[in-house]
Amino acid sequence: MSEVKNIHQPKADNQTEDKSKTEKLDTNYWRSFKDLFRDTSLIEASNHEFGDGVKDDFEPSKLSGISRRKFLALVGASAALAGAGCSDYRSKGDIIPYNKMPEEITVGKANYYASTSTACSHGCGVLIKTREGRPIKVDGNPDHPVSKGKTCAKCQASILSLYDPERLKFPMRKSRNGGFLKSTWQHVDDEIINALNKIGNKQIAFVSQRIISPTGKKVLDDFVKQYPNTKIYSYELFDEQIRNSAWQKCYGINKFPLISWDKAKVILGLETDFLGTDGNKVETSRLYTQGREVNNLKKFNRLYVAESTLSVTGMNSDYRFRLRPDAQFEFVMCLLNEINKNGISVPGSLPLGGYSLKSFAGKYSLSLKNLKQLVKDLASAKGESVIYAGRTLPENVHIAVNLLNEALGNTALYRTDSIDVDVLPLLKHEEIKELVNDMNAGNVGMIIHYDSNPVFHFPDDLGYKDALKKVPVVVSITGSQNDSSELGNYTLPLSHDFESWGDAKTRTGFYSFQQPVIDPIFSTRQKEAILLTWLKGKPVVFDEMVYHKYLMNNWQNNLYPTFNTKMTFTEFWNAGLHDGIAILEEEPDSFGSFNSSALSELQNAVKASSKYIVVLRESYQAGDGKFLNNGWLLELPHPVSKITWDNYAAVSHNTAKDLGIKSNDMIAIRVGDRKLEIPAFIQPGTADKTITIELGFGRKVVGIVGTGVGFNANVLRSKSAGISPWIYLANNVSKSGSSYHLVATMEHHMFGEALTKDAAQKRKIIQEGTVKEYQKDAHFLNTENPVKMESLYNPHEYPGVKWGMAVDLNKCVGCGDCVVACNAENNIPIVGKDQVAVSREMQWLRVDRYYSGSIDDPVTSNQIMLCQQCDNAPCENVCPVAATTHSPDGLNQMIYNRCVGTRYCSNNCPYKVRRFNFFNYRDHFKDNYQQSHLLSLVYNPEVTVRSRGVMEKCTFCIQRIMEARSNAIEEHRPLKGSDVRTACQDACNTEAIKFGDMNDKDSEFYKKYRTHELGYYVLEDVNTRPNVTYIAKLRNIESEEV
Amino acid sequence: MTKDYSVELALIEGNPPLRELDDLIAAPIDTRPSHKYNIALAITGGLLLIGAICVGLTFYYGIGMWGNNIPVAWAFDITNFVFWVGIGHAGTLISAILYLLRQQWRTGIARFAEAMTIFAVICAGLFPIIHTGRPWLAGYLIPYPNQHGIWPNFISPLVWDVFAVSTYLTVSLVFWYVGLIPDFATLRDRATNKIKKTIYSVFSLGWRHSNRHWKHYEKVYMILAGLATPLVLSVHTVVSWDFAVAVLPGWHSTIFPPYFVAGAIFSGFAMVSTVLIFVRKVFDMEHIITMDHLEKMNKIILLTGSMVGYAYIIEWFMSWYSGTPFELFTTLNRAFGPYGWAYWIMVSCNVFFPQLFWFKKIRRSIPVTLVIVILVNVGMWFERFVIIVSSLSRDFLPSSWHYFTPTLVDFGILFGSFGLFFTLILLFAKSLPVISISEIKGVLQGAQPSHHGDEHDA
């Protein structure tokens, strides 16, 4: 350091110290006098070899004095970054802001609109969640008097149909060579109006499913007025006509009352699945489980079920009898005889003496003890029990059941507050024959398939399909090409419910409204608008608002006045659209007294046959076939068998032995001259010689999702009903030699294997008790663990909220609605049958079904299983990259970006609730189907769409928690447990799922559910400390042990 | 017949001259590959290619190409990993532990066994990478400083695995290379081809067989042997923790570390035997890799096989003694459940057949030995399969139970790993001395100062 020019002056306070240094002279090589005399400034400078300008401790504030070194370093770094870091980055598309900001949309906030679902004909009220103008989720409308904020699986899944890439996008007309050509509305409207005008005296036939819209009915009335030759045929695949006609005979009214299931102490279901498909299950299951309230044992009901094969209702029964459907009549008559013997008088003078319960029990190997218990319960719960016959049973059973209810005074449980309303009564089964005759005679000039699929639904031997060829003009108004539209001349694309206006009247006491939540995505129209356009005649100018105006007009002029409200019409209308419903004071029809002349129907003893009997039931998944292109529903495991993507013939193991078959073997069923080959499945709890098949599968003309799914058992139906239109005696059932592969999400365990028998009970996964046991000792479960288990690691701290769930197994009926709701909320992909076959389904939430007991009379236990968000989560320890971690609010988080996919977490999860993307399922399923731009619109923007190779699982709907949290912060209030509802909880018809804050010791959640004495954790011994409490199911049986 | 046990048996039969040993060991390197060699290489290369295609398919489409499912999220992938790691252990045992114990008979087989260790670890190391769902992110398992401040989860056994296996590979590679240096020098001195000479010169690091060199060499070799010794125990212990640390019945077991180490040595020796039986025949080295070698290895197989058998018995005892229904079920299910067939293959191959080695005749019969060691290899692969797959397929909740069925891609990758292993072996046998030229000279009769000499007696 020879230069001294740059050296700074030393600071004054350093001088004393420096002085002492200068006194300590030593031998020194000096280069200048300053060196020699140890000038302090020089010593100070030697501590900083480089001046300020060349220092390396980078400080941005002093950037002005940038050094040469720093400059070069920065130039180098920027060049390197520009070269390596900013290379061709994956294009994520363009983000385009709103040109004109819609008034009601805040970007990032969901809007909810009330509407009415027409997924089935019950017309439940829904709230549709939309984000930036696109509907993404359907939930129930809490104001709706019937559905009360709940929805079923089909309603949840109907949103997927909105975005089905295979929806019809434009009108089509058939070309000469038989194929369909793209056309325009202008063109087809012109041609159809021409045809209508030239119809002459020939008939115009509308074939429709149940119509629930009063204004829609008015459009049809207008049509009839203009074209008087018009006839409207409305039908449903499953209807209540037999019950209605029985009531006509018994009470003189072609209707039946609703039932106060919540008030019933004893319920006997005969071949009915009122918790599944029979009637409006959303309401019924809610009312039924109000009678399974574990905190109100006095009201606890007892459910007896006699049915051919295990249904959702059967799974929930306390006592179950497996009984072929043609023995139901004898069964009811035996019950009548028994209660008669018990001193309860049965109206009329029926020869009941021949019906002996004892010999009946013997004939069908039923437990006489349980049957006697049933009689005892019915007799002691007079006026508080319900006997309910399934809608597929023949009329005489219904009449006998009415008589039994009458004798027991159960008419007190018939509801008087409301009753089902038919806007347009369904046509009688015989009337369809007339239509076909007319068609064959050439009297029908035009058929309009009014959003219906009669070729698939009508019995084959009716000959509707062939008769269709004799009709010159066949117009099909449908959402997507189906078996009927393909045989027609014109296929007109129908708008989805969520793109349509409308109203609905299904019950007395209220109307509900339907409003569009998105513009029609394609060139589609709603069916009423199509008719109104035709009615205007030429020249055809389509007005998008035509039906909206018509609807408002009809309401203003006809319906609004009936309300007697002080509101102006505009106020009324806006309130109605906002609420989704309009409440009306209405008296339901009343029923007359029991007409004993109906009893003549019961005089003849109907003996059950010993032949094979075929029972056709409604599908849980595909509905009547309408949802056969909906992957969410097809992948929803059957609530009982857990089979997906197929229907099957359920047989008992005795029947299988007789036929020499195993599950998956094809059997040939012959009814009359009609034949069906279908795979058999050995369903525990099935009556012998009974074959149960669900309808709605096996459509020939359907999109790629539904192609090849299931078998069409409609072909077994006949225009001349068997025992009933859904129950037939088979001429012959035989093994057909080939086999098929049914796939299920659960393995089917051998009842006989000692190793696996009752495993769920032995392992305390399922813990149950009986009402008597609970009454005797509330703590019979003994969940207190005597050994305090420690963890190697420090326990987590939960300073704020801590999320937890409680599942009341007394209320869970095992329907699976929550599974579909979870699919919709969390962007869960469809994987397809081939992947379910290798156990790779992606559903985050599943309903586990365990059998115990014997294969003939199994006891069924359901348990929803989802991530238990354990405090000591085994998955967290083993993840090598910390992709699954613990949050301070008790969640076990999954960080998709960090996950490399070792799957170790899944291996170490005792509950096996983690799901792995073995493929990119959006690409893998049906050749890219889920990557369609249209289908992508269904995704919830708050939830990441996971890539392949990534693990995923239930997050307790973290996006909903975060939304609630940000709302709470915005409103300056603490976050409360009740602020968050999970998607499964929202969907659960019976409120079996409770969610809340476990740190909030005053909350209802904590006090009533989390700390319930019946609450237990699954696999407590593993010391995972789950945050899902299961409240043990109580069986209302006589014994003290399950 | 009486035997004088005080006299050490000749390790090399026939006492060949030193020059002849050089020629013999260098012969495969100096000659052009034979027709048979090319056929063998074509077969192993073909297998390797099949494996590469299957791995390519997996990378392109995802793990779904395999039979893995939920609950059986690990199957062939980790089975192969543990199998190959296990194979490596014999090499380290032979080269390090037997060296420290001055078991001079190891000399004839040490080099080969070490090479097999490296190749087996290479095969093994592939599986943790390809088994991940997103292999391009496998680097997340390595701790490296990053702007997010995210580190691997150090309490996860898979991270321990990364350290264990990479340490094992590094130490084995260095140990092997150090042992090769004097041989490279010998080869360099023999080489007439200029290119070969250059290559050998580079790798021999200027070795001149000087006394100083030998002194340093012996020290380094001793230290490395000392370093490698704990690895024999630690690597497979860490691998066993992948299972033992989990809560799964059938995995959660304290016996796993010793049981896995014994199993690893067992399978490793079986693999070394399998390969050496062919090598000594093909390369005319029957007098260097002698019957005595094979017999000694068979004895170790007998010992470790019995240890493994003992572990199987203890598993039964523990599952009963633990009192947990899950453990008991898993053990019963292994033997009598859907994967019972695999269990009984495992038991018969690993416990029953090796017991035949109690008979000297069988120990010294090459065909019978070959059959048994191959069966041991099969059995040990099945052991890992049984532990992994049968435990996973039926765990806690019966609702999630599912059977695992492998796909063709699974088999393709399994065979591909054998293809890789044997391709590397063949390339090794043709390019490097399969027996240590320098060490083997040290165990010739008369090469060592005798401990029975007069001077030492006093």
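No value in this document is a laboratory result; all are computed from the given coordinates. Computed from a predicted model, the values in this text were never measured in an experiment. Cβ sites come from the backbone with ideal geometry, for glycine too, and all protein chains shown count toward neighbours.
Sorting A:548, B:209 by the number of Cβ atoms found within 10 Å of their own Cβ, with the fewest placed first, yields B:209, A:548. Roughly what % antiparallel, to the nearest 5, for the DSSP beta bridges in chain A? The answer is about 55 percent antiparallel.
Averaged over peptide B:137-145, the number of partner chain Cβ atoms lying within 10 Å of each residue's Cβ comes to 3.
Give me a comma-separated list of calculated 3J(HN,Hα) values for the range A:508-521, in order, Karplus coefficients 6.51, -1.76, 1.60 applied at θ = phi - 60°, integers in Hz, x for any Gly or Pro. Result, rounded to whole Hz: 6, x, 6, 10, 10, 10, 10, 10, x, 10, 7, 5, x, 5. Axis of helix B:211-244 versus longest Cα principal axis of chain B: the two differ by about 10°, to the nearest ten degrees. Close amide H pairs (under 5 Å, H built 1.01 Å from N) link residue B:436 with B:111, residues at least 5 positions away or on another chain. As a calculated quantity, the FRET efficiency between residue A:959 and residue A:741 at R0 = 45 Å, using C-beta atoms, amounts to about 0.75.
Which lysines have a Cα less than 16 Å from the Cα of residue A:527, not counting those fewer than 8 places away in the same chain? Candidates past the 8-residue exclusion: A:169, A:217, A:218, A:536, A:549.
Packing-based ranking of B:435-441, A:706-712 yields B:435-441, A:706-712, ordered from highest to lowest mean Cβ neighbour count within 10 Å.
All distinct Cα pairs of chain A go into the 1/r average, and the inverse of that average, the Kirkwood radius, is 32.4 Å.
So, in Å, what gap is there between the alpha-carbon centers of the range A:191-263 and the range A:552-610? Distance between centres, Cα-based: 15 Å.
Cross-link reach is defined here as a Cα-Cα straight distance under 24 Å, omitting same-chain residues fewer than 8 places apart; for residue A:833 the lysines meeting it are A:154, A:626, A:642, A:662, A:700, A:912, A:926, A:953.
The long axis of helix B:408-431 is offset from the longest Cα principal axis of chain B by roughly 10 degrees. Based on C-alpha pairs under 8 angstrom that are at least 6 apart in sequence, chain B has a relative contact order of 31 percent. Pairs of Cα atoms nearer than 8 Å and 6+ residues apart set the relative contact order; for the range B:226-287 it is 25 percent. Please say if the range A:241-413 is rounded, prolate or oblate, where rounded means a/c under 1.5 for a ≥ b ≥ c the square roots of the C-alpha gyration tensor eigenvalues, and otherwise the choice is prolate for a/b larger than b/c and oblate otherwise? It is rounded, given that a/c, with a ≥ b ≥ c, falls under 1.5. For the segment B:387-400, counting C-beta atoms of other chains within 10 Å of every residue's C-beta and taking the mean gives 6. Is the shape of the range A:110-162 best called rounded, prolate or oblate, per the rule: a/c under 1.5 gives rounded, else a/b larger than b/c gives prolate, else oblate, with a ≥ b ≥ c the square roots of the Cα gyration tensor eigenvalues? It is oblate, given that a/c is not under 1.5 and a/b is not larger than b/c.
For the pair the range B:175-238 and the range A:448-524, the centres of their Cα atoms are 83 angstrom apart. Per-residue mean of foreign Cβ neighbours for A:761-769 is 2 (Cβ atoms of other chains, 10 Å radius).
Show me A:948-956, B:405-413 ranked by packing, highest mean number of other Cβ atoms within 10 Å first.
In decreasing order of mean packing, A:948-956, B:405-413 become A:948-956, B:405-413.
When you count the other C-beta atoms within 10 angstrom of each residue and take the mean per peptide, B:89-99, B:281-291 line up highest first as B:89-99, B:281-291.
After finding the eigenvalues of the alpha carbon gyration tensor for the range A:685-777, what semi-axes result from the square roots of 5 times each, listed largest first in whole Å?
Three semi-axes, in Å: 37, 21, 17.
Using R0 = 35 Å, the C-beta based FRET efficiency linking residue A:834 and residue A:578 works out to 0.15. The largest-to-smallest principal axis extents of the Cα set in the range A:609-744 are 39, 32, 25 Å. Between the range B:250-318 and the range A:309-358, the alpha-carbon centres lie 71 Å apart.
Axis of helix B:18-30 versus longest Cα principal axis of chain B: the two differ by about 50°, to the nearest ten degrees.
Taking a sphere under 15 Å around the Cβ of residue B:404 and counting the other residues whose Cβ falls inside, with K and R at +1 and D and E at -1, yields a net charge of +2. The alpha-carbon of residue A:369 sits under 17 angstrom from the alpha-carbons of these aspartates and glutamates, leaving out residues fewer than 8 places away in its chain: A:318, A:338, A:377, A:856, A:857, A:1038, A:1040, A:1041. The HN-Hα couplings worked out from phi for the range A:488-505 by the Karplus form 6.51 cos²θ - 1.76 cosθ + 1.60 (θ = phi - 60°) are x, 9, 10, 10, 9, x, 9, 5, 6, 3, 7, 10, 10, 8, x, 9, 8, 9 Hz, whole numbers, x standing for Gly and Pro.
Working note: Karplus 6.51/-1.76/1.60 with θ = phi - 60° gives the range B:293-305 the couplings 4, 4, 5, 5, 5, 4, 5, 5, 4, 4, 5, 5, x Hz, where Gly and Pro are set to x.
Under the rule a/c < 1.5 gives rounded, and otherwise a/b versus b/c splits prolate from oblate, where does the range A:925-1042 land using the Cα gyration tensor? Oblate, because a/c is 1.5 or more while a/b does not exceed b/c.
Number of Lys-Lys pairs in the range B:33-443 with C-alpha atoms under 17 Å apart and a separation of 8 or more places or on different chains: 10. Counted by Cβ distance under 12 Å from residue A:322, the other residues give a net charge of -2, where Lys and Arg count +1 and Asp and Glu count -1. Neighbours of residue A:272, meaning other residues whose beta-carbon lies under 12 angstrom from its beta-carbon, give a summed charge of -2 when Lys and Arg score +1 and Asp and Glu score -1. Pairs of Lys residues in the range A:241-347 are counted when their Cα atoms are under 22 angstrom apart and they lie 8 or more places apart or on different chains; the count is 10.
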